[in-house]
Amino acid sequence: AWLLTRGTHTMSSFQLTPHQIQFMDTFGYLHLPGLLNDRIEEIDEAFEELLRLHGSDNHDGQSRFYMVPFLNHSEYLCTLLDDERIDGIAAALLGESYQFWCSDGNYYAGNTGWHSDTAWPEPIRYYKMAIYLDPVTRDTGALRVIPGSHRFGEGYAETLHELLMDAGKGPVLGLQGDEIPAVALETTPGDLVLFNHSTKHSSWGGSSKRRMFTLCYTAEHSGEALGHFRDFVTECGFTRKDVFGVPDGPLLTTASPQRLRHLQQLVNNVPEADPESN
């Protein structure tokens, strides 16, 4: 089992072990069973309330229903950013000056084909933390990952990328999507799954209402890397209203100095809405 150990991170008493960090670097994912067991009931309630306020009652079960950004607009869910476990993991992967990027809340329906969540090759690094609110198994929508598929520039990862990005044209090496060799990260509520944005992942055989939300982090960037981050903000079409709410919502108004430290990249680089677009 993966364990969190107490370490020397100055802002949190939790950090990943050296082996866990090496595992993430090598294979591109981590599974931390039961990490949030003590909070999962409250997380479930806040998740449902927030999606209901944004129209989930109209979900028809035929397609994905989602909200992006997500936890930014729930005072309780924003406190996940302050949780010493979440803080310690982000710091271990991205350094103590890590920056929160975004989140999404979802009712997933059906299959999700193989993909990465970023450009290829990845210009800057992102890590995603996924929280499933219902038990999921290999054949009922659990996240599947291909270990090592995030290592762009290496032959194995580049070959996989080329093959899987052509998957829409038919089987890959004679295999259907759910037959591709992969690790199925079967989870129960309270588990935390982490993966590199470049890691190839998918899910198969899920129900019409798989509940899952994510938190996404990146490093504090400067120079060319900051330019890539700003390009991603533009590509997503986010404005300050989307990210923080108008007037500013709980992501900022309830933030401690510690949380604000990890929001500065958003504060400084997400633009105001274009008045002409209203």
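The values are calculated or read from the model by the stated rules, or taken from the named source; none is laboratory data. Bear in mind that the values here come from a model prediction, so they are computed numbers and not experimental data. Heads up, the Cβs are rebuilt from the backbone with ideal geometry, glycines too, and the neighbour counts pull from every protein chain shown. Areas reflect the complete protein model, heavy atoms only, side chains present, ligands, DNA and RNA absent. Shrake-Rupley method; radii C 1.70, N 1.55, O 1.52, S 1.80 Å.
Just a few scattered comments:
- Alpha-carbon centroid distance for the pair region 115-155 / region 222-278, whole angstrom: 24 Å
- Other residues whose C-beta falls under 9 angstrom from the C-beta of residue 69 contribute a net charge of -2, scoring Lys and Arg +1 and Asp and Glu -1.
- Cα-based Lys proximity count in the chain, under 26 Å, for pairs eight or more positions apart or on separate chains: 5
- The residues of the chain present an accessible area of 46 Å² per residue when probed at 1.4 Å with all protein chains retained.
- Efficiency of FRET between residue 48 and residue 75 - r from beta-carbon atoms, R0 22 angstrom, step 0.05: 0.90
- For the chain, projected area of the alpha-carbon convex hull averaged over all directions, nm²: 15.4 nm²
- Result for the chain in a Gaussian network model with C-alpha springs under 10 Å: among 196, 37, 72, the largest mean-square fluctuation is at 37.
- Residue of 250, 33, 171 that the Gaussian network model of the chain assigns the largest fluctuation, springs spanning Cα pairs under 10 Å: 171
- Measuring nothing but how far apart in sequence close Cα pairs (under 8 Å, 6+ apart) lie, relative to its length, the chain scores a relative contact order of 28 percent.
- Stretched out straight at 0.36 nm per residue, the stretch from residue 137 to residue 231 would grow longer than its current Cα-Cα span by 30.2 nm.
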